[in-house]
Amino acid sequence: MTSHPERIGAGLRKIDPKPVKVEKKAGTKNTVYKDIGKLRAITADVPPVSLVVTPFFTFPTADDAFFEELVQKKRKLRSVFLDYFALHSKDELLKMGDAKVKQELIEKLNAELMLGKIDVLYFEDYIFLN
């Protein structure tokens, strides 16, 4: 029981849609790339805070060259996520909010990609562990 029921959940992030739902909405034009998988990152806090994040995004279904680049650079893309979270504290990440974190990650990921670009990034999981 709380004395301020209007505040319940006010500090929680908006949950992104599941990959299956994104793929259905995208139709046959786009495919969901979720091969980066579930990552366990650490933040810049002392002691570090663990963070579980499962990123995914869409890319044009017909773009075989871009898909091959994603497959070849999967390790590098995973490193981009891990390095990014290691540079920020939990409080910084929470203050920035999902939209800014995702935008900065999109810029860093796109800097690694030559044959296509990521427009929208989703997090199936984005959980700080205590």
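The values are calculated or read from the model by the stated rules, or taken from the named source; none is laboratory data. Keep in mind that this is a model prediction, so the values were computed, not measured. A quick note on method: Cβ atoms are made from the backbone with ideal geometry, for glycine too, and the neighbour counts reach across all protein chains shown.
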**Asked** Out of the stretch 38-76, which residues are among the aliphatic types (A, V, I, L, M) and within 20 Å of Ile127 (Cβ to Cβ)?
**Response** Leu39, Ala41, Ile42, Ala44, Val49, Leu51, Val52, Val53
**Request:** For Ala10, work out the one condition from (1) farther than 19 Å from Lys102 by Cβ; (2) assigned to a loop (DSSP other than H, G, I, E, B); (3) modelled with pLDDT of 90 or more; (4) not β-branched (Val, Ile, Thr) it doesn't fulfil.
**Result:** (3)
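Does Asp91 count as of a type in the set (Asp, Glu) and at pLDDT 95 or above? It would help to see each step written out before you state the result.
On the way: of a type in the set (Asp, Glu): yes; at pLDDT 95 or above: yes.
Judged against the criteria, Asp91 is a match.
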**Message:** I need a count of the residues in the stretch 101-130 that are part of a helix (DSSP H, G or I) and over 11 Å from the mean Cα position of the chain (by Cα).
**Reply:** 5
**Complete:** Of (1) among the aromatic types (Phe, Trp, Tyr); (2) modelled with pLDDT of 95 or more; (3) within 24 Å of Val20 (Cβ to Cβ), Phe59 satisfies every one except (2)
**Request:** Kindly provide the set of residues from the stretch 33-81 that are buried (at least 16 other Cβ atoms within 10 Å of the Cβ), among the hydrophobic types (A, V, I, L, M, F, W, C) and in a helix (DSSP H, G or I), ordered by number.
**Result:** Phe66, Phe67, Leu70, Leu77, Val80, Phe81
**Asked** Condition test on Leu94, is it surrounded by fewer than 15 Cβ atoms within 10 Å (Cβ to Cβ) and not small (Gly, Ala, Ser)?
**Response** yes
**Odd one out for Glu124 among (1) farther than 22 Å from Val22 by Cβ; (2) surrounded by 15 or more Cβ atoms within 10 Å (Cβ to Cβ); (3) acidic (Asp, Glu)** = (1)
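Run down Lys74, Lys95, Lys117 and say which single residue is more than 29 Å from Lys25 (Cβ to Cβ) and either of a type in the set (D, E, K, R) or in contact with a Cys (Cβ under 7 Å, 6 or more places away or on another chain) (or both).
Details: Lys74 fails: more than 29 Å from Lys25 (Cβ to Cβ); Lys117 fails: more than 29 Å from Lys25 (Cβ to Cβ).
Among Lys74, Lys95, Lys117, only Lys95 is more than 29 Å from Lys25 (Cβ to Cβ) and either of a type in the set (D, E, K, R) or in contact with a Cys (Cβ under 7 Å, 6 or more places away or on another chain) (or both).
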